[in-house]
Amino acid sequence: MRGIFANRWWIVVATVCGLIVGGGAINVFAFGVFLKPITAELGVGRAMFSSALTMHAALAALSCPAIGWLVDRWGARRVMIPGILIYALATASYALIQTSPFAITFLIFAVTGVVGGVGTPIPYATVITQWFDRQRGLALGIGIAGVGLGVALVPQLAAALIAEFGWREAYLGLGIAVLVIAFVPVAIFLREPPEAARLADGAPAIPLPGVNASEAFRSGLFWGLATAFFLDVIAINGTLTHIVALLTDRGIALQTATATLSGVGIALILGRILSGWCLDRMWGPYVAVTFFVLPMIGIALLASGATGIVPFVGAITLGLGIGAEVDLMAFFTSRYFGARNYAKIYGTIFGIFAFGVGIGPALSGGSFDLFHSYTPIFMVYEVLLATSCVIFLRLGPYPYPAQEPVRSDTAVKVPA
């Protein structure tokens, strides 16, 4: 690439595009739009169908460390090019969901869970971390904000496709969207910097600073971070994946309830960018606590049963909170463990985090089926978020703080 395309911020652009149709937007947030039409047609309970997402998340959790290992071994580009093609086919396979036997549905969710790791921020964050140092928080915030755009756009696209063609055809449309929106920009722009180039055997040409993965996995710091983000995602995703159903249960029109997810997506984008900007200027744990108190307020508003604008405000505060979580996770991994085995370490934390993605929806579905209300599980979620805040406040200083001066974008060349 030459000229304007040599600017390292094109890596961030590719990240935004890839994550718009990533696993979070399609498998988590669009799930709420498909929940009612699928369960109504197939005749299954919300808890039963949500359990397929739990199983999906468990397998995705196991695949994330593997994605991290592959990226550290071979580089993000070699993994992403074929990986996105497979991910697009897996997304389209949701159109085959059925109840006779329901095991077919579980198998489809299992396959998408295994291949969905390429649709997570793991490979993207790895490349951004290699290109950026002092502006790392902002670059990660903008790049991972692609998830927020996906939250704003993909549910609306899914709802429109469902209304026009049906839910099976809607999933086929999302598979095509992955090819168009993610594959093309990733194939053009996503590349590692020269200093992160790999030798023929996959080893880095220049050793990068940081701890070995095995050393990180034995540390209390690693497990503290993993636990905090695990509890956080159970609470926030467990609420957001049922937000459309919750609002329609209160008499709000489906289109209006779905539009709320767009508001959540916009809040998510703001949360990503704002938290990234703050991380470059403030101690990360303070930023984390601030952004996790917000969803505690949002869940309390939803649990209050108030109508009018209150549930929409609650959803927005949840969006701000979830907007910061993945950005914080990627940033903390780089500052506390360095870049040497970044993808392995971040992939493992993200895998634990991904497992929590599926637990929350199942817990919320179980609460509704058992109590005909989400309020009991919302109270549990408040405790989980408070626990995460305590963990963050106990983190120490960064072992790998920013040291490199800001590089001139025009002087940076992307390897051909």
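The values are calculated or read from the model by the stated rules, or taken from the named source; none is laboratory data. The structure presented is a predicted model; accordingly, all values stated were derived computationally and were not measured. Glycine gets a Cβ as well: all are built from the backbone with ideal geometry, and neighbour counts include every protein chain shown. Please note that ligands, DNA and RNA were not included when accessible areas were found on the heavy atoms of the full protein model with its side chains. Shrake-Rupley method; radii C 1.70, N 1.55, O 1.52, S 1.80 Å.
Below are the figures for this structure:
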| quantity | calculated |
| --- | --- |
| Search result, residues across the range 256-273 that are in contact with a helix residue (DSSP H, G or I) (Cβ under 7 Å, 6 or more places away or on another chain) and either of a type outside the set (Val, Ile, Thr) or under 12 Å from residue 321 (Cβ atoms) (or both) | 257, 261, 262, 263, 264, 265, 267, 268, 270, 271, 272 |
| Meets criteria (aromatic (Phe, Trp, Tyr) and under 22 Å from residue 36 (Cβ atoms)) for residue 312 | yes |
| Qualifying residue in the range 98-114 (condition: surrounded by fewer than 24 Cβ atoms within 10 Å (Cβ to Cβ), within 14 Å of residue 347 (Cα to Cα) and either touching a strand residue (DSSP E or B) at 6+ places or on another chain (Cβ under 6 Å) or touching a residue at least 12 places away in the same chain (Cβ under 8 Å) (or both)) | yes |
| Set 170, 182: member being at pLDDT 90 or above and in contact with a Cys (Cβ under 8 Å, 6 or more places away or on another chain) | 182 |
| Selection from the range 3-34 of residues that are modelled with pLDDT under 80 and either hydrophobic (A, V, I, L, M, F, W, C) or in contact with a Lys or Arg (Cβ under 6 Å, 6 or more places away or on another chain) (or both) | 4, 5, 6, 28, 29 |
| Options 408, 388: the member that is polar (S, T, N, Q) and either within 15 Å of residue 293 (Cα to Cα) or modelled with pLDDT of 90 or more (or both) | 388 |
| Subset of the range 319-334 (residues that are touching a Ser or Thr at 6+ places or on another chain (Cβ under 6 Å) and hydrophobic (A, V, I, L, M, F, W, C)) | 324 |
| Residue that is most open to solvent (accessible area, probe 1.4 Å) [pool: residues in the range 347-358 that are modelled with pLDDT of 85 or more and among the β-branched types (Val, Ile, Thr)] | 352 |
| Enumeration of residues in the range 323-346 that are touching a strand residue (DSSP E or B) at 6+ places or on another chain (Cβ under 8 Å) and modelled with pLDDT under 90 | 338, 339, 340, 341, 342 |
| Exclusive hit being open to solvent by less than 10 Å² (accessible area, probe 1.4 Å), among the hydrophobic types (A, V, I, L, M, F, W, C) and either outside any helix (DSSP H, G or I) or at pLDDT below 85 (or both), set 147, 127, 151 | 151 |
| Flag for residue 305 being closer than 19 Å to residue 125 by Cα and more than 17 Å from the chain's Cα centre (by Cα) | no |
| Given (1) among the polar types (S, T, N, Q); (2) more than 23 Å from residue 122 (Cα to Cα); (3) open to solvent by 30 Å² or more (accessible area, probe 1.4 Å), index of the condition residue 7 fails | (2) |
| Out of 209, 204, sole residue that is modelled with pLDDT under 80, closer than 30 Å to residue 340 by Cβ and surrounded by 15 or more Cβ atoms within 10 Å (Cβ to Cβ) | 204 |
| Candidate set: the range 16-65, residues that are outside any helix (DSSP H, G or I) and open to solvent by less than 20 Å² (accessible area, probe 1.4 Å); chosen: the one nearest to residue 244 (Cα to Cα) | 30 |
| Any pair with Cβ under 9 angstrom, 6 or more apart, that starts in the range 373-400 at a residue that is on the phi > 0 side of the Ramachandran plot and ends at one that is among the aromatic types (Phe, Trp, Tyr) | none |
